[in-house]
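Each reported figure results from applying straightforward, stated rules to the coordinates on display, with no laboratory input. Model, not experiment: these values are computed from the prediction. Methodologically, a virtual Cβ is constructed for each residue, glycine included, from the backbone with ideal geometry; neighbour enumeration extends over all protein chains shown.
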Amino acid sequence: MKTTRRQFIKIAGMGTAGVAVAGSVLGSVQKAAERSISTPSSDSELFRTPTYCEVCFWKCAAWVYKDKEGNIQKLIGNATDQHARGKLCPRGTGGLGMYYDNDRLKKPLIRRNREDDHYEEVSWEVALDFIAKKMKGIKKDWGKENMAVFVHGSPAKHFEYLFKAYGNENHSEPAYAQCAGPREAGFFATFGSGVGSPEPADMQNSKCIIFIGNHVGENMHNSYVQELSLAIDNDADIIVVDPRLSTVAAKATHWLPIKPGTDIALLLAWMHVLIYDNIYDKEYIDKYAFGFEELKAHVANYTPEWASGITTIDPELIRKSAHTMAAAAPAAVIHPGRHTTWYGDDTQRERSMAIINALLGAFGRKGGMYMGVKQKLPNYPVPEFPEPKWTWKDITLDKYKNAAVGLTNVLIDASLPEYPKEHQIKGWFIAGTSFINTIPDRKKMFKAMDNQELIVVVDTMPMEMTGYADVVLPESTYLERYDYARGGKNRVAQVALRMPAVEAKYDTKPSWWIAKELGNRLGLKKYYPWKDLEEVLDWQFQKIGTSLEEMKRIGVKTFESDESIYLLPGEDFEFNTNTGKIELYSTDFAEKGYDPLPKFTRHESPDPGFYHLVYGRAPMHTFGRTQNNPYLYELRKTNDVWINPRTAKLWGIENGMEIWLKNQDGIVSEFSTKARLTERIRPDSIYMVHGFGHTSKKLTRAYGKGINDLPLITKVKIDPIMGGTGMRNNFVTFLLEKPKKEEVKS
Ligand SMILES: Nc1nc2c(c(=O)[nH]1)N[C@H]1C(S)=C(S)[C@@H](COP(=O)(O)OP(=O)(O)OC[C@H]3O[C@@H](n4cnc5c(=O)[nH]c(N)nc54)[C@H](O)[C@@H]3O)O[C@H]1N2
Ligand SMILES: Nc1nc2c(c(=O)[nH]1)N[C@H]1C(S)=C(S)[C@@H](COP(=O)(O)OP(=O)(O)OC[C@H]3O[C@@H](n4cnc5c(=O)[nH]c(N)nc54)[C@H](O)[C@@H]3O)O[C@H]1N2
Ligand code: SF4
Ligand SMILES: [Mo]
């Protein structure tokens, strides 16, 4: 059946309770949703309120169930929500541990003297007055622009707003320069649009899904994993390129155990096969793409045999896997990945992935990549923000021309005492990021912190970073607060509400309140004309045809969209690039002096006795934020180090043996962990899960458990196009005995 744009809208037409998209699972959960729409729930003992999860940034909508006494009993995924589809992942289910954790921050804290570790418990008044006074001091001596705001997660919007109102736009998130930045830059250069979250890979309709690294299943983004299981049920081919037999590699048709850092060679060889075996989507390329002849000439010599010598992958496997994806195209897609800051040439690796998606005809095609839709939430009317004298752009774009947002690493560089005074950063405001466990090159980080006149940390837990703050502000957990509604692009346009399920435990406050109160003290009252966030939310909801009252009842609302998420057959489509086409040859990169067609660059190999430090995720933990969560801690208390038995034999390492790690710059891990011998990792690499090895003694469960990968990441290769920090150029060796105290330099 041919679907016209209009017909598509009809089949995607939705009521308030649910969604019915042809071929999607959303329809199948609709009935369950309709059954469970009233409050209190059918389980007469329990009452429920809506939220969306904050254990990671997938933001699944959920119901919080409470008993008559008001104790939170459980969290269940909202069935009408396309992120959750009625389920939460293990971390989301354990989210109530964030609320129940006894180690939480309980009162605002001030450290008056940097020389000692003494923190004084103070009232909110005292803490906020202190911050406002210090900020005014920095403004007077340096300029209001000379502060940086480092944020992640829901607190971000509130503090970005505050600082914009203050006349400062130096905001940045680790989610860009330490995470998804390169894929945004690489896909933007090709298709004229970034990727965003959730990534619009149409996995549930795909016949062939290709993962470059990207360890889905361990990387536990909820609907992402659900879509992949649907694809597996539908017998889709899975191709995984990973030096490690990851969970998803174990399910793959083809696993390509690549030598770390050589993916671009493989991707070029895939392009070669698709083009020279004439199995690319010629009609699609003729209609939509620019620069095919240049690409064809560029990859002429990049044969599978050439790539094999670099990647260690059998040329026949390279050829065969290219044919597998071409046979499934256009219902075939290379997933863009998410954590993509690997070796410093990451934008070009992502460009290569985007180009292959174009050759497969995947963009805008069912089973390839869909074009997301969203319901815009209008901004509450306030006066215009003042124009800052300078912003992050002035210290970034001359060097990293395609950085789309502020870069944490550039702002840290600007925080060093030797940085030109005009743009030197003298105060840090941090919310929702455990900064020192997240940004590589700690030595620089410590130097930058020493140069700050004020460091504020807003967190829910006594994480390591709070120990470097002058002021620590305890935020209420997501189960105790309102936040801005979740919008965002997806298959269908939806809006989700987060509201407090319970009153705030301890003397904690939500970010919106903290920002508003600080704003009042900085003379920014006119930007906060509302009483509380409820008022803002209700105003926004009314503007889009709902209300806070309705949203409290339904949690998630679906809106009709007038756009198809796929290209219509023969549709003329203008891509947001210089040529209006998919740019196989990037005119933007050519203009800016970057390679317009991706090239392979060789990366360092480890010295004898050293191994690639490979890190990733475990399904029951999020970064470093959940190790102390009482429920998730029970699921996994520590990490271990994966070692190939051949490598282990050279060292006399046995399974379960206690080991320490030392990197190429002599940095030794603070704690030890156990060796796990497994064939699932290449002999030239070791693997560990990020987020363990906490050094804050106030995290009574997590303290001292496992090894932290971050201090071992001292060598950073910066992506010249968008400025991301390549973190996978580090190598480690083993220590089999407890290092002497003076040897530990993490
Ligand atoms: N449970 C859980 N899920 C999460 C998160 C979490 O904290 N916990 N965090 C979320 C976030 S923000 C992100 S960014 C993602 C991160 O998850 P991904 O985007 O999947 O991260 P990657 O770095 O692509 O994946 C790690 C994999 O890359 C492989 N790898 C290492 N080096 C190379 C190489 O040179 N080439 C190739 N081809 N593969 C290599 C590793 O062996 C490992 O299997 O996870 C998301 N999901
Ligand atoms: N070595 C190494 N570094 C990495 C990575 C890696 O794999 N290895 N991954 C990179 C990637 S992909 C990403 S996206 C980043 C993630 O980097 P971060 O976002 O810094 O990661 P988290 O460790 O989760 O830190 C979140 C912090 O927010 C706090 N928090 C949790 N909930 C709330 C809340 O509701 N309010 C407030 N105010 N605070 C809250 C937590 O207690 C914690 O301190 O790290 C990057 N850096
Ligand atoms: S994927 Fe899991 S942790 Fe992330 S928001 Fe959804 S339920 Fe929460
Ligand atoms: Mo990330």
Magnitude of the Cβ-charge dipole (Lys and Arg +1, Asp and Glu -1) of the range 180-370 about the Cα centre, nearest 20 debye, reported as 60
Pairwise FRET efficiency - E571 versus E293, Cβ, R0 = 30 Å, nearest 0.05: 0.80
Report the charge-dipole magnitude of the chain in Debye, nearest 20, computed about the Cα centre from +1 at each Lys and Arg Cβ and -1 at each Asp and Glu Cβ. 900
A chain fully extended from E591 to F623 at 0.36 nm per residue, minus the present Cα-Cα distance, gains in nm 7.7 nm
Could you check the simple spin-label distance between D507 and D286, using points 7 Å along Cα→Cβ, in nm with one decimal? 7.4
For E654 paired with K637, estimate the spin-label separation in nm (one decimal), with each label point 7 Å from Cα along the Cα-to-Cβ line. 2.1
Show log10 I(q)/I(0) for the chain at q = 0.07 Å⁻¹, two decimals, from a solvent-free Debye sum over equal Cα scatterers. -0.49
Checked against a 20 Å limit on the C-alpha separation, the offending pairs among K259/K717; K287/K592; K133/K164 are K287/K592
Qualifying GluC sites (Glu not before Pro) in the range 608-708, DSSP loop, other Cβ atoms within 10 Å at most 13: E654, E679
Could you state the per residue volume, in Å³, of the convex hull enclosing the Cα atoms of the range 611-743? 126
Can you give me the C-alpha center-to-center distance between the range 178-237 and the range 344-402, rounded to a whole angstrom? 16
Using Cα-Cα distances under 8 Å and only pairs 6 or more residues apart, what relative contact order does the range 210-313 have, in percent? 25
For the chain, with +1 on Lys and Arg beta carbons and -1 on Asp and Glu, the positive-most of M371, F290, I131 along the dipole: I131
Note on the range 376-494: contact order normalised by length, alpha-carbon pairs under 8 Å, 6 or more apart, percent, works out to 18
Histogram of C-alpha separations across the range 639-697, 10 Å bin width, %: 23, 53, 22, 3
With a ≥ b ≥ c the root eigenvalues of the C-alpha gyration tensor of the range 180-370, is it rounded (a/c under 1.5), prolate (a/b larger than b/c) or oblate? rounded
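What does the extension gain come out to for K399 and K251, with contour length at 0.36 nm per residue minus their alpha carbon separation?
Answer, rounded to one decimal: 49.1 nm.
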Work out how much length E422 to Q542 would gain on full extension: take 0.36 nm times their residue separation and subtract the Cα-Cα distance, in nm to one decimal. 38.7 nm
Would you compute the Debye intensity of the range 300-365 from its alpha-carbon atoms alone, equal scatterers and no solvent, and pass along log10 I(q)/I(0) at q = 0.21 Å⁻¹ to two decimals? -1.05
Which loop-located GluC sites (Glu not before Pro) does the range 381-446 contain, where loop means any DSSP state but H, G, I, E or B and the Cβ has at most 12 other Cβ atoms within 10 Å? E384, E418
Would you list which aspartates and glutamates come within 15 Å of K59, measuring only between C-alpha atoms, while excluding same-chain residues fewer than 8 positions from it? D81, E199, D483
Sorting W270, L677, A515 by the position of each Cα along the dipole of the chain (Lys, Arg +1; Asp, Glu -1; all at Cβ), the one nearest the positive end of that ordering is A515
Quickly work out the K133-to-E387 label distance, labels modelled 7 Å from Cα along the C-beta direction, and quote it in nm with one decimal. 3.5
Along the range 668-680, what does the Karplus equation 6.51 cos²θ - 1.76 cosθ + 1.60 (θ = phi - 60°) give for ³J(HN,Hα), rounded to whole Hz, x for Gly and Pro? 10, 5, 5, 10, 9, 8, 9, 7, 10, 7, 7, 6, 6
Could you work out the local net charge near G70, counting Lys and Arg as +1, Asp and Glu as -1, over the other residues with Cβ closer than 13 Å to its Cβ? -1
Using a Förster radius of 45 Å, what is the FRET efficiency between N234 and L736 based on their Cβ-Cβ separation? Nearest 0.05, please. 0.40
The range 611-743: relative contact order from alpha carbon pairs under 8 Å, six or more residues apart, as a whole percent, is 33
Semi-axes of the equivalent ellipsoid for the range 48-97, Cα gyration tensor, largest first, Å: 18, 12, 8
Work out the charge dipole of the chain with +1 on the Cβ of Lys and Arg and -1 on the Cβ of Asp and Glu about the Cα centre, then indicate which of A62, P388, G666 is farthest towards its positive end. A62
Wrap a convex hull around the Cα atoms of the range 100-258, take a quarter of its surface area, and give that in square nanometres. 15.1
The base-10 log of I(q)/I(0) that the Debye equation returns for the range 152-192 at q = 0.28 Å⁻¹, one scatterer per C-alpha, is -0.88
Students often forget the sequence filter, so: which lysines lie under 19 Å Cα-Cα from K282 once same-chain residues fewer than 8 apart are removed? K296, K366, K581
If one computes the Cα centroid of the range 672-746 and of the range 313-339, what distance in Å separates the two points? 32
In angstroms, what radius of gyration and Dmax does the range 407-554 have, counting Cα atoms only? 18.6, 55
Determine the distance separating the Cα centre of the range 69-111 from the Cα centre of the range 113-174; give it in Å without decimals. 27
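Which whole-number percent of Cα pairs in the range 275-407 have a distance greater than 27 Å? Spell out each step's value before the answer.
Numbers: 3577 of 8778 pairs.
Cα-Cα pairs in the range 275-407 separated by more than 27 Å: 41 percent.
In the range 455-546, which GluC sites (Glu not before Pro) are in a loop and have at most 11 other Cβ atoms within 10 Å, using DSSP for the loop call?
Passing both the DSSP loop test and the Cβ count: E503.
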In debye, nearest 20: dipole of the range 576-707 around its Cα centre with unit charges on the Cβ of K, R (+) and D, E (-)? 580
